[in-house]
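To keep things clear, I will list the structure first and then write my remarks on it.
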Amino acid sequence: MSALLADLRRAARGEVLEQAPLAARTSVRVGGAAQLWVKPRDPDALLDVLGVLATAAVPWLSLGGGANTIVGDGGVSGAVIRLGQDFASEEVEEAGDHVVLTLGAGAPIARFLSLAKEQRGVGVAWAAGIPGTIGGLVAMNAGTPAGCMADHLLAVQVAVPDSLRWIDAAELRLGYRHCELPRGAVLTRARCQVRRGSEAQQLEQQRVAKADVDRRRATQPLSLPNSGSVFVNPTGDFAGRLIEQAGLKGMTKGGAQISERHANFIVNLGAAKAADVVELIAIARSAVLAKAGVELKPEVRLVGDFDPPLPAELQAHHLKPVLIGREAPPFGMPDPNRSCLRVQA
């Protein structure tokens, strides 16, 4: 392990840790440690890190801002890669009545909003108040009824062990809270198009953004650690309404609770374990299916080692570390019937 650590530190030119606690690096504050924690300095360093991991046959996964992520109590075997806020440079390109913004995947979503504002951009108020990073915004195609990342995304840059490559947004099979990336790739940058607006439109956007943030503060349990929305809203309905209808609002297991403020949030009351959160997820899915006949789909990522093991119905949503060889895999998109690599918010 000492030789691997030395190789990773030379490659990363940044932070490399052993047994790095992950609970504090996720918004719900549960889970164990990463066997290895690697924070590359820049895209070139990331390529070197992926090469070291491939040569050493060490599996890895990437972690963004830690929202929408539940790490198992057993932690993560292998390496967890985190891209910093200043990992990749920003670019601004003129495009007539639009502007094209390129941001690093590790940058906070708030930077997308502030850069758009600097360029007199409008139509991005929907992103106000969404936690996490640009990488997570893309990988979850995050958004609200007013808009989502697919409305703006032109292309993404990804890293594989041998190179950095751009992929057009049309190839990502973007859908409601869904995006597919090539297996064995790390999302590094996103290129987005934003419409420019008049001064009046910019002021209206600021008003809408503030109203949305105020609404979130009033209706969501933001004062307690949580992973964001637990389930994707089913077509024509709301997961929170269905969970509340099933009589589960306020239910607790260990230190976790289905929020009394918003039933599609599970909060950490102070001493929750990942097992407590997973148990509530399973209970909510089962109860809603029995009462309403609706099978809720988790929006959160379940990563790492869980004890007890995840129930069978959640196994499909378990993101495991990727193990790739030194040679880059074929750069086609994954089979839609198989799991794909996701990058968190």
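Need the full-extension length gain, Y176 to L314, defined as separation in residues times 0.36 nm minus the C-alpha distance. One decimal, nm.
Stretched fully, the Y176-L314 segment lengthens by 47.7 nm.
Compute the label zone of F238 within segment 106-147: residues whose backbone N is under 12 Å from the point 7 Å along Cα-to-Cβ.
Backbone N within reach: 145.
Given a cut-off of 21 Å, what percent of all Cα-Cα pairs of segment 44-164 lie beyond it? Walk me through the numbers before you get to the answer.
Values: 3272 of 7260 pairs.
Every Cα pair in segment 44-164 considered, those over 21 Å come to 45 percent.
Regarding segment 15-64, what is the average projected area of its C-alpha convex hull, in nm²?
Result: 3.7 nm².
Rg and Dmax in Å for the chain, alpha carbons only: what are they?
19.9, 59
So which trypsin sites (Lys or Arg not before Pro) in segment 83-130 end up in coil per DSSP with only 16 or fewer other C-beta atoms within 10 Å?
For trypsin sites (Lys or Arg not before Pro) across segment 83-130 that sit outside H, G, I, E and B with at most 16 neighbouring Cβ atoms in 10 Å, the list reads R120.
Tell me what the chain gives for mean residue ellipticity at 222 nm when only DSSP H runs of n ≥ 4 count, each as -39,500 (n - 2.57), the sum divided by the residue total, rounded to 500 deg cm²/dmol.
For the chain, the value works out to -8000 deg cm²/dmol.
Quickly work out the E295-to-M1 label distance, labels modelled 7 Å from Cα along the C-beta direction, and quote it in nm with one decimal.
Computed distance between label sites M1 and E295 equals 4.0 nm.
Whole-Hz ³J(HN,Hα) for each residue in segment 258-273, computed from phi via Karplus 6.51 cos²θ - 1.76 cosθ + 1.60 with θ = phi - 60°, x for glycine and proline: what do you get?
6, 3, 6, 8, 8, 6, 8, 10, 10, 10, 9, 6, x, 9, 6, 10
Check which residues have an amide H placed less than 5 Å from G31's amide H, if you skip close sequence neighbours.
Close amide H contacts, sequence-distant or interchain: A274.
Could you tell me what percent of the accessible area of the chain is made up of carbon and sulfur, with a 1.4 Å probe and every protein chain present?
Carbon and sulfur atoms account for 50 percent of the accessible area of the chain.
Using the alpha carbons of segment 157-234, what is the convex hull volume per residue in cubic angstrom, as a whole number?
173
In whole Å, what are the extents of segment 220-302 along the principal axes defined by its C-alpha atoms, from largest to smallest?
On the principal axes, segment 220-302 reaches 33, 24, 20 Å in Cα extent.
Hey, what's the chain come to in accessible area per residue, 1.4 Å probe, Å²?
Numbers: 14620 Å² over 345 residues.
Result: 42 Å² per residue.
To make sure I understand the rule: partners must be lysines, Cα under 17 Å from the Cα of K291, and not fewer than 8 residues away in the same chain. Which ones qualify?
The qualifying lysines are K249.
Select from A116, A146, A287 the residue whose mean-square fluctuation is largest in a Gaussian network model of the chain (Cα-Cα springs shorter than 10 Å).
A146
Using the Kyte-Doolittle scale, which helices in the chain average at least 0.0 and also have C-alpha atoms spread 24 Å or more along the helix axis, with helices defined as whole DSSP H runs? Mind dumping the intermediate values first?
Numbers: long enough: 199-219 (30 Å, -1.49); 274-292 (27 Å, 1.35).
Flagged H segments are 274-292.
Kindly rank 96-104, 152-160, 290-298 from highest to lowest mean number of other beta carbons found within 10 Å of each residue.
Those peptides, ordered most packed to least, come out 152-160, 96-104, 290-298.
If a/c stays under 1.5 just call it rounded; otherwise compare a/b with b/c (prolate if a/b is bigger, oblate if not). Do that for segment 1-44, with a ≥ b ≥ c from the square roots of the Cα gyration tensor eigenvalues.
In terms of gyration-tensor shape, oblate.
When the solvent-accessible surface of protein heavy atoms is calculated with a 1.4 angstrom probe, in what order do F112, F306 fall, highest first?
If we order F112, F306 from most to least accessible, we get F306, F112.
State whether segment 249-288 is rounded, prolate or oblate according to the following rule on the C-alpha gyration tensor (a ≥ b ≥ c being the square roots of its eigenvalues): a/c under 1.5 gives rounded; otherwise a/b larger than b/c gives prolate, and the remaining case gives oblate.
Verdict is oblate for segment 249-288.
Would you mind calculating the gained length between A271 and E204 on full extension (0.36 nm times residue separation, minus the Cα-Cα distance), in nm to one decimal?
Length gained, A271 through E204: 19.9 nm.
With a ≥ b ≥ c the root eigenvalues of the C-alpha gyration tensor of segment 155-313, is it rounded (a/c under 1.5), prolate (a/b larger than b/c) or oblate?
It is oblate, given that a/c is not under 1.5 and a/b is not larger than b/c.
The values are calculated or read from the model by the stated rules, or taken from the named source; none is laboratory data. Owing to the predicted nature of the structure, the values given are computational and were not obtained by experimental measurement. Heads up, the Cβs are rebuilt from the backbone with ideal geometry, glycines too, and the neighbour counts pull from every protein chain shown. Side chains included, ligands, DNA and RNA excluded: accessible areas come from the protein's heavy atoms. Shrake-Rupley method; radii C 1.70, N 1.55, O 1.52, S 1.80 Å.
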